[in-house]
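This report concerns only the one structure given below.
Derivation of every value follows stated rules applied to the coordinates shown; laboratory data play no part. Every value quoted in this text rests on a predicted model; they were computed, and no experiment measured them. We place every Cβ from the backbone using ideal geometry, glycine too, and count neighbours over all the protein chains shown.
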Amino acid sequence: MVADFNLNSEVKNDCVVISTSGYVNNLGGQKIIDEFNEHHQKGLNNYILNLADSKVVNSIGISFLIEVIEKLNESDGKLVFTNLDPSVDKTFTIMGLFHYAEKADNVDDGIKLLGNK
Amino acid sequence: MIDFEKDNAIVERLSLQVSSFQEGFKILSDSKTLEEIGENFVHLLRGNLLLTDVNLFYKKKEDENWQTLFAPNIKSKEFTEYLKTSEAFSLSYEDDKLYKVYSTLRCVDESYFGLVIGSKIDRSGFNSLDVITLQIFIRLLDNAYQSYISKIKEKNLIFSLNHKVVQLNSLVDTGIEITKLENYTQLLELALERAVALTNASKGVLRILKNDKVIGSLRLPNSINIAEALESPDKIETRVDYRGYSYIVTLLDKESRKGKVPFDTTDEILLMAFARQVHGAVENKQLHKEALENEILKKELSVASSIQKKIIPEKLPSIEGYEIAGINIPSKEVGGDYYDCRILENGKVSLVMADVTGKGVPASLLVSSLSASLHAYLEMNIPLDELAVKLNKLIYASSTSDKFITCFISILDPSTGELDIINAGHNPSLLLKKDKTLSKIEAGGVAFGMFDMGLPFATEKRTIDKGERILMYTDGIPEAMNENDEEYSDERLENFCIDKCFHDAAKFIDEIVADVRSFTKDTPQSDDITALYLIRNK
């Protein structure tokens, strides 16, 4: 079953890779945006959100992700979602997230995608 | 008196500023956040009116405190006390104060902007043109704010509509996905995950009960304490009952960006829809499992039937001076009854009637073992009592404790009519004498495979004279049931044997079967019907 929400982040090739596990809800979404803000304030503009271990996302969690996308749009930054569960992928598609963010199969592909931008 | 000359001059000056107003409105309405609106408005005012100190404040409701939107001078906040919110719009000039202009604007959503303005750069007073320009910019702020509010509403509406599509789509997808899952736990986990996510619940619990006792549970997230979680007043719950099991799904603490909110009717409908899907999936799985089991059983019976067909003789041998006929009608596709008649190398004839406990492949395999070993031993001319001991050992060793075989074996010397008989727990065979008296052959011993204690089997010798007959049968005939749960009975069978002395053995077999059928009528056959009938003609 779904674990408690947790995240870690690392910077790879000027990309911030945020990897999460557990339910992306109000709590999880807040932690993601806090982590994002911390890096964004330092001027980092390329982000990968690795959701390999987050197969359950609710609309409150999505509203935080939209906030991240909006902030990156303002700063000409980019966001790539990776390792999406098919149901999460479909949800993000319907919610329109991929109009302003990209997706990749895995973190390495995501980094390559950001490198080509 | 109207000073037309002065008024015309103001209109002329304002017309020169039209493009500035238009540009200003575009800047304000393009602002993405309230703070950005505030900052842009302050810059526009400073540039257009050549002001030194412009500060903008905001509050959501009349009774709240002013919040700084954009205030280059921190001290300006102290002067918000002069901002009046009693009217929809106010604009006042206070020459004797540090800040000269105070204006408030009530917006469409009942929030307020408060404007505190210092002196002009050239320290001159505010003229009529300044006042009108200021009023126009405040109107532009009002319009830009309305546009900003509309955009937020539109964004929220699109988000909400998209979320409804997600809910609907997920409901359909979940219904399909759970039918593909192999085990119940995965099925229930998926349903709980989807129900929690789509209702924005922060937690979920699924309990499985049997006889009102919880026998299993799932929770999301993993770490929650179920007992504590279920105490939450903010929850919705639904229950599905199926074949003695109850599935209770509880969703807890609906989330919003601003904290907990109550679950609504849509959430309840969604939860019930998921519960119905779980019910349908569990039911389908059970039916599928039963269908598979039936299929396996059918295949097993088919295998058993082919074994049975091979060991029950298609045609009985012709014995000079005798007539013989037999029948086996299994109650299902295959039963545990067996009969045989063979002419041995020494010219004698073996007559065998047996009944194995149970049906299907295990029973037919056991009959097959009996048939093979019996014929091998018979050809070795072993005395029947020794043969019975050997068969008992073999059946005991090759069957489970609940499997045994009742068996009647008779070796006929056709020339003399002498019968060497052993009966291992089987129904007594019936010998109909010439004087129409019936003699039961009960030569004793326990069924084969029941015990392996070296118990002896007693043989018996009888003679069948000319015109006499023997009926060997299994309990499927006397125990055949009618619709009133009454048995055909030994008595009716014995009377039939006495009354119906047909010259034709096959005719006797047909008639006994017909008599059983006329007794049971439409009641399904509960056991195999097997019989072997021997008449001595010469």
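Worth pointing out:
- 3J(HN,Hα) couplings calculated from phi for region B:360-369 with the Karplus curve 6.51 cos²θ - 1.76 cosθ + 1.60 (θ = phi - 60°) are, in sequence order, x, 4, x, 5, 5, 5, 5, 4, 4, 4 Hz; Gly and Pro show x.
- Nonlocal amide H pairs with residue B:203, under 5 Å, H built at 1.01 Å: B:252
- Taken over region B:175-289, the alpha-carbon convex hull comes to 104 cubic angstrom per residue.
- Placing a pseudo-label 7 Å from each Cα along the Cα-to-Cβ vector at residue B:46 and residue B:538 gives an inter-label distance of 13.8 nm.
- Cβ charges +1 (Lys, Arg) and -1 (Asp, Glu), total dipole of the protein assembly as shown, debye: 800
- Angstrom value of the Kirkwood radius, inverse mean 1/r, which spans all Cα pairs in the protein assembly as shown: 34.2
- Region B:4-156: C-alpha gyration tensor shape, a/c 1.5 cut-off, then a/b vs b/c: oblate
- Distance between modelled label sites at residue B:279 and residue B:492, nm, 7 Å Cα→Cβ extension: 4.7
- Positive-end extreme of charge dipole, chain B - chosen from B:439, B:73, B:519 (charges on Cβ): B:73
- Shown in residue order for region A:52-67 are the 3J(HN,Hα) couplings computed by the Karplus curve 6.51 cos²θ - 1.76 cosθ + 1.60 at θ = phi - 60°: 3, 9, 10, 9, 10, 9, 9, 6, 5, x, 5, 4, 5, 5, 5, 4 Hz (x for Gly and Pro).
- Between the beta carbons of residue B:398 and residue B:418, assuming R0 = 41 Å, the FRET efficiency works out to 0.80 to the nearest 0.05.
- For residue A:103, distant residues with modelled amide H under 5 Å away: A:81
- Put simply, the convex hull of the Cα atoms in chain A casts, on average, a shadow of 6.3 nm².
- Ellipsoid fit via the Cα gyration tensor, chain B: semi-axes of 110, 21, 18 Å, each the root of five times an eigenvalue, largest first.
- The slack between residue B:294 and residue B:226, meaning 0.36 nm per residue of separation minus the straight C-alpha distance, is 20.5 nm.
- Prolate/oblate/rounded label for region B:402-483 (Cα gyration tensor, a/c 1.5): oblate
- Net charge of the neighbourhood of residue B:313, taken over other residues with C-beta under 11 Å away and scored Lys/Arg +1, Asp/Glu -1, is +2.
- Peptide B:186-194 is shielded by partner chain Cβ atoms: per residue, an average of 2 of them sit within 10 Å of its Cβ.
- Cα coordinate range in region B:312-536, projected on the principal axes (Å, largest first): 42, 40, 29
- Highest average packing first - A:13-24, B:92-103, Cβ atoms within 10 Å: A:13-24, B:92-103
- Pairwise FRET efficiency - residue B:19 versus residue B:165, Cβ, R0 = 45 Å, nearest 0.05: 0.55
- Fraction of antiparallel bridges per DSSP, the protein assembly as shown only, in percent to nearest 5: 85
- For the residues of A:90-99, the average number of beta carbons from a partner chain within 10 Å of their own beta carbon is 4.
- Relative contact order [Cα under 8 Å, 6+ residues apart], chain B, whole percent: 9
- The peptide list B:295-307, B:265-277, B:359-371, put in order of mean Cβ contacts within 10 Å with the highest first, becomes B:359-371, B:265-277, B:295-307.
- Mean Cβ count within 10 Å, highest first, over the residues of peptides B:453-463, B:197-207, A:28-38: B:197-207, A:28-38, B:453-463
- Average beta carbon contacts from partner chains per residue of A:56-69, 10 Å cutoff: 4
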